[in-house]
Each structure stands twice: as C-alpha cells, then as structure tokens.
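Below is one structure, written out as structure tokens; comments come after it.
The values are calculated or read from the model by the stated rules, or taken from the named source; none is laboratory data. Please read all numbers here as calculations on a predicted model, not as lab measurements. For neighbour counting, all protein chains shown are included, and Cβ atoms are generated from backbone atoms with ideal geometry for every residue, glycine included.
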Amino acid sequence: MKGRVFIIGLGLIGGSLALSIKNKHRDCIVMGYDINEEQTKLGKMLGVIDETISTIKSGAEKADLIIISAPVNETCKILFSLSNMNLKENVIISDAGSTKKEVVEAASILKDKGIPFIGGHPMAGSHKSGVSAAKPLLFENAFYLLTPQPHIDVSLIESLKTWLAGTNARFLTVSPEEHDYLTGVISHFPHIIAASLVHQAEKSSQSQQLIPRLAAGGFRDITRIASSSPQMWRDILMHNKDVLLTLLEDWRIEMERVKSLLQAANEKDIFSYFHDAKQFRDELPQKQKGAIHAFYDLFVDVPDYPGVISEITGYLADEQISITNISIRETREEINGVLVISFQTEEDRDRAMDCIKRQTNFDQTIGM
Ligand SMILES: NC(=O)C1=CN([C@@H]2O[C@H](COP(=O)(O)OP(=O)(O)OC[C@H]3O[C@@H](n4cnc5c(N)ncnc54)[C@H](O)[C@@H]3O)[C@@H](O)[C@H]2O)C=CC1
Ligand SMILES: O=C(O)C(=O)Cc1ccc(O)cc1
C-alpha cells in the first residue's frame, strides 16, 4: 500500500505496529507523534518511523491511516480532538487499546461526521514500555481483535487488514462488549491477581525478611505482568470496571470455596481442585500466542565457577542464537546455580538446548 500512516502514541505497541507496517509496505511513509517528545525522537533515531510530527493536527490531516496507541483514556480524548480536524476523505482511524466498549463509544463522534473508525487490539505485548522495546514481529501469530460497528463498510475493514498484514497476526471480529469480557477474563483480571500477589508478598516481607530472596524464582515469573505500566493498567481497569467487578466477585466466591475445603481438610475435593485446573490448562493451545506473552525459557543447572555464564552465552553466540534475557537464580546456597535463559521463539530455545547439550554436560529443563 502507498500512503501516509500516522501513529499517535509511539510506545511499545505503536512502535511495533509502525515497524510491521514499514516492513510490509515499503513505499508508505510512517509518521509518529508522542506526547513525550523523547519517544518520537527516539523512534526516528531507531528507524521505527520515517517522520516525527509535533502536533496531532499536522500529522492527522496528512494521513491515510491513523492508529492511536496511547493509554485508553487518552485514546478517547484523542478521538474527540480528531473529530474537529480536516481529515482526508479516505482516512481510516483505528486504535490498539486494550479495551473497546468505551473507546468505540467515544468514536461515535466520528461516526456522526462520516469518519470511519475501526477499533483494534493486537493481543500480544509485554510488561515493557516505550518505543525502544518495539519489535516488527511482536504480533506474529497473535490474535488481532477488530470491533467494527455495523455501519463500517467491509472494504474499509479489508483495507485496514491489508495495512496491518505485516503483523502476521490473525484477525478476529468481535463486538466491543464481547471483546471486553474476553480480555477481562484472560488478560485484565490476571493482571489484578498478579499485582495482588506482589502486594501480599510485600506485606509478608515486613515481618519475614527472607521473602524477597525466596521470591526471586518462580514467584517472580508468575508475577511478571505486575511490572507493566501502571498508567496503562489504571486506564484499563477504569474502562472495564463492570466486567472486572463481576470477575472479582466470582473469584471471591471461588476463594471462599477453597477456604472451606481447606477448613474441612477435604482431601478429595482439594485434589480435584488442582486436578481439574491442571487438565484445563494442559489442554490450552501451546503453539498459539495468547494475550499474555510467553517467553521460551531454558533452565540450565550450572556449576559455580567464574566465567560459566560467558562460556554458555559464547556457545550460543557462535551458533547465532539470540537470547532475550538471562538471569541467575541463587535460591540454593553453595550448590549449583540455575541459569535462566529466555528466547523469543520456541525454535531458538530448542536450538540452544541442542547447542548446550553438545558443548557441556549441564542439566537442562524447559519452562512451560
Ligand atoms: N503493552 C502491551 O502489552 C499492550 C498494550 N496495548 C494497548 O496499547 C496501548 C499502548 O500501550 P503501550 O505501547 O504498551 O504503552 P507505552 O507506554 O509503551 O506507550 C504509550 C505511549 O503513549 C504516549 N501517550 C500518552 N498519552 C498520549 C497522548 N495524549 N498523545 C500522544 N501520546 C500519548 C506515551 O507517552 C507513551 O509513549 C494502550 O492502550 C494499551 O492498553 C495493547 C496490546 C498489548
Ligand atoms: O505479556 C504481557 O505482559 C501482557 O499482558 C501483554 C498484554 C498487555 C495488554 C494487552 O491488552 C494485551 C497483551
């Protein structure tokens, strides 16, 4: 496609969309605006965008496609300001926000002026923020939910999908209400629980100083999403309040049930509680990307001698296997440490396992 794409909110998601669009449509020009000028400058320096734009108006009035990728409260305000600008006749406006009902409602002001808005949500990402974390293939194999209103012409939806083809995502159309319920269950609610687990550990750590050290391993992994942007999650909770209040009530009832099983020392039902959860989880699709990002982790038991980490990273570098993160877990003093290496893809992790197996006799396990 040829034309000008304008990204408003040039962070992790805006930057990743910009890169995927530039990859696929070599002749288009991607313009970027961010309220934080540093992000726009950085985006240009990193080659994420072609042009920096200093006001929304100046970018919007030149654009064929506008994608808003700011926190969802800001998105609603930006939609309102776009409705007062002289946009091109063929423009399409979309967004990348994690909630849809309120965003689509805010966009009704555009409908009144005949400007098409198609709500969008690429359902992949991470706890990282900012344009420097952007990646062209962040959304590969992820679901990309679209929430067009009935008045939107099918050809416009197809045109948006063509613009976004470089994401390699899978498009699904749902209603804004359905969207907010689905994402409430599998993404928004788990973020509340992750943050609450961290709060609980923090409270306990006031009387038990060993907690932070012991929490360094699995606890840190299962609460990774609690490191996400607080502004983004505040906005998401404000938008999806009703769904989340219902889910919190369901959760409270569920916890009461577990409490009574425990009080009654009901071994049979406690077993079933874990057994049934394991069964459902084990049957979830493994190769598909869900809303919460999976890193492909490899755990390597390494002996405690100087240089062991650079030895392993050296073997991986020799075979050009890229890693996204590396850390050492020291939960067991004076015994082997566990080196945790994270990869972007399952293939990279499998190649790394094979490489380390050939080069060393260290035990390895994979994180699931
Ligand atoms: N982080 C994730 O994994 C995912 C996030 N989303 C959604 O995408 C949107 C962006 O999230 P991220 O890129 O992760 O956040 P981010 O924090 O990396 O980027 C957001 C950017 O928006 C800018 N911004 C804030 N207000 C603005 C305004 N009024 N005008 C212009 N720019 C403004 C910020 O300065 C920041 O650079 C949010 O709506 C979020 O709910 C969707 C899918 C995944
Ligand atoms: O893996 C993670 O950190 C996420 O939870 C990513 C994420 C965050 C917000 C979304 O609307 C969709 C995906």
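What the table shows:
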| quantity | calculated |
| --- | --- |
| Tally of residues being within 11 Å of ligand 1 (Cβ to nearest atom) and among the polar types (S, T, N, Q) across the range 76-123 | 3 |
| Pairs, first in contact (Cβ under 8 Å) with a residue 24 or more places away in the chain and outside any loop (DSSP other than H, G, I, E, B) in the range 300-329, second surrounded by 12 or more Cβ atoms within 10 Å (Cβ to Cβ) and of a type in the set (Lys, Arg), C-beta under 7 Å, six or more apart | none |
| Of the criteria (1) within 16 Å of ligand 2 (Cβ to nearest atom); (2) at pLDDT below 95; (3) surrounded by 13 or more Cβ atoms within 10 Å (Cβ to Cβ), which one residue 239 fails | (2) |
| The range 64-89: number of residues that are basic (Lys, Arg) and in a loop (DSSP other than H, G, I, E, B) | 1 |
| Residues satisfying the stated conditions in the range 124-179, i.e. within 20 Å of residue 105 (Cα to Cα), of a type in the set (Val, Ile, Thr) and within 16 Å of ligand 1 (Cβ to nearest atom) | 147, 174 |
| Selection from the range 49-63 of residues that are in contact with a strand residue (DSSP E or B) (Cβ under 7 Å, 6 or more places away or on another chain) and either part of a helix (DSSP H, G or I) or not assigned by TED's automatic domain parsing to the domain that holds residue 112 (or both) | 56, 59, 60 |
| Subset of the range 83-137 (residues that are modelled with pLDDT of 95 or more and acidic (Asp, Glu)) | 89, 95, 102, 105 |
| Looking only at the range 166-192, and only at residues there that are in contact (Cβ under 8 Å) with a residue 60 or more places away in the chain and among the aromatic types (Phe, Trp, Tyr), the one that is farthest from residue 232 (Cα to Cα) | 181 |
| Any hit, the range 203-210, residues being closer than 23 Å to residue 367 by Cβ and surrounded by fewer than 17 Cβ atoms within 10 Å (Cβ to Cβ) | no |
| Check on residue 166, in a helix (DSSP H, G or I) and away from ligand 2 (no atom under 14 Å from the Cβ) | yes |
| Every pair of residues 6+ apart whose Cβ atoms lie under 6 Å, when the first sits in the range 51-75 and is within 7 Å of ligand 1 (Cβ to nearest atom) while the second is polar (S, T, N, Q) | 71/231; 72/99 |
| Residue list for the range 90-105, restricted to those being surrounded by fewer than 20 Cβ atoms within 10 Å (Cβ to Cβ) and either within 16 Å of ligand 2 (Cβ to nearest atom) or not in a loop (DSSP other than H, G, I, E, B) (or both) | 105 |
| Among the candidates 171, 189, residue that is within 12 Å of ligand 2 (Cβ to nearest atom) and within 30 Å of residue 227 (Cα to Cα) | 189 |
